[in-house]
Amino acid sequence: MKSINEIITRINSEFPDDRLTFQKGVAVFHPESVAEAARFFKLAGRLDRKVFISGYGNNIDPVGAAFENMLVVKTDRLNSVIAVVEQDLYVTVGGGYPLNEINARLKRHNLFVPHADLPYAGSAGGAVAINLAAELNSHDLPLKKYFIKAEIVTPTGEILTPGSVCFKSVSGYDIVKIFAASWGLLGLIATATFRTIPLSAIEEYVAMKMKAVNRENFLIGLDESDQSADAVYSRKIKNKFDPDDLLPIV
C-alpha cells in the first residue's frame, strides 16, 4: 500500500492545489464538480485507499485514528442551487447545499420543501443519506418521499442519474430511493432533486416535527451475521455499488 504522503502527492498532481486540505490531520478532498468527484473516486480505487464521505453536521466526525489512513471527500463546494422549475414543482441543489437554506431560495417562487424547515443543521445530501425523518399528525414523513432524482458518484467513479422529475415515470421500484438512508456507503450524492409544494399549503405542515436519526436498517443489514431477507438484500445492494468496499463502515 502506498504511503499517505505518496497519495497526497498523486492527488495534488491530478487536481488543482486547493482541492486537498487537512483537517485535524485527516486528508480531505473538496470536489468542485461532479466530474471531479468521479475522477477522485477512480484515483482512490487505483491507489487502494478507503474513502469516507462527509458533508457537514455529520453524525460521525472524520477525526481520530479510524481516519488516519483514509481519504475524506467533502461536499462543501458542491453547494449551489442548480435549478428551480416552478411549473414542474422541483428544485435541484448540490449535495453540499445547506438543507435549511432551500426554502429561503424557494420563497420567491412560492414553493417550499417541508423538511427544509426542520432544525437539521446539515447538507441536502447528508439529509438524504440519513433519510431525515419527521412526523406529521402521527404519520411518518421521511425525506425520501420528496427525493425524486439525483446525481450519484459511485465508488467505482461512475456517475449515475437515478430518478425522474416527472410525477409518474415508470412502474416498479424507484431506484433513487435506495440512496435515502444509505449513510454514504453506496456513493456520493453530488446533486439532489426534491419535489416542492406550493407555499399556499405550508399551514398543513406546521405540526411537522423532526424525529431522531435512526442508524439502524441499512447499517445493521450489512452485518454478515444477520441472515434476514432485508439484511441479505442490503448486502447485495452494497456489493453492487461498492464491489471493492471502498466505502467501509467507520
**Q.** Helix 4-14 vs. the chain, principal-axis angle (Cα, 0 to 90°, nearest 10)
**A.** 60
Q.
Take residue 63 and residue 235, extend 7 Å from each Cα along the Cα→Cβ direction, and tell me the distance between the two endpoints in nm.
A. 3.5
Q) So what is the 222 nm mean residue ellipticity for the chain from helices alone, if each DSSP H run of at least 4 adds -39500 (n - 2.57) and you divide by all residues, rounding to the nearest 500 deg cm²/dmol? A) -6000 deg cm²/dmol
(Q) Among 149, 211, 50, which one shows the highest mean-square fluctuation when the chain is modelled as a Gaussian network with alpha-carbon springs under 10 Å? (A) 211
(Q) Just to compare against my own numbers: the Cα pair-distance distribution for the range 61-109, 5 Å bins, whole % per bin, please. (A) 5, 17, 22, 15, 12, 9, 8, 7, 4, 1
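Taking the range 4-74 on its own, what percent of its Cα-Cα pair distances exceed 20 Å?
Working: 515 of 2485 pairs.
Beyond 20 Å sits 21 percent of the P(r) for the range 4-74.
With Cβ to Cβ distances under 15 Å as the rule, what net charge do the other residues near residue 200 carry (K, R +1; D, E -1)? Present the calculation step by step, with values, prior to reporting the outcome.
Details: positive: 107, 108; negative: 86, 203, 204.
With Lys, Arg at +1 and Asp, Glu at -1, the net is -1.
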Q. Mind ordering 16-24, 85-93, 181-189 by average Cβ neighbours within 10 Å, highest first?
A. 181-189, 85-93, 16-24
Q: Could you line up 112, 15 from fewest to most neighbouring Cβ atoms inside 10 Å?
A: 15, 112
Q: Could you tell me how many degrees, from 0 to 90 and to the nearest 10, lie between the Cα long axis of helix 229-241 and the main elongation axis, the longest principal axis, of the Cα atoms of the chain?
A: 60
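May I ask for the net charge around residue 119, where only other residues with Cβ less than 15 Å from the Cβ of residue 119 are counted and Lys, Arg are +1 while Asp, Glu are -1?
Numbers: positive: 209, 211; negative: 101, 117, 135.
Summing Lys and Arg as +1 and Asp and Glu as -1 gives -1.
One-quarter of the Cα convex hull surface for the chain, in nm²?
14.2
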Q | Volume per residue that the Cα convex hull of the range 81-210 spans, once the total is divided by residue count, Å³ | A | 106
Q | Antiparallel bridge percentage (DSSP; both residues within the chain; nearest 5) | A | 85
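Any read-out appearing in this document is the output of simple, stated calculations on the displayed coordinates, not a laboratory observation. Keep in mind that what you see is a predicted model, and the values were worked out from it rather than measured. With ideal geometry, Cβ positions are generated from the backbone for all residues, glycine too; neighbour counts draw on all protein chains shown.
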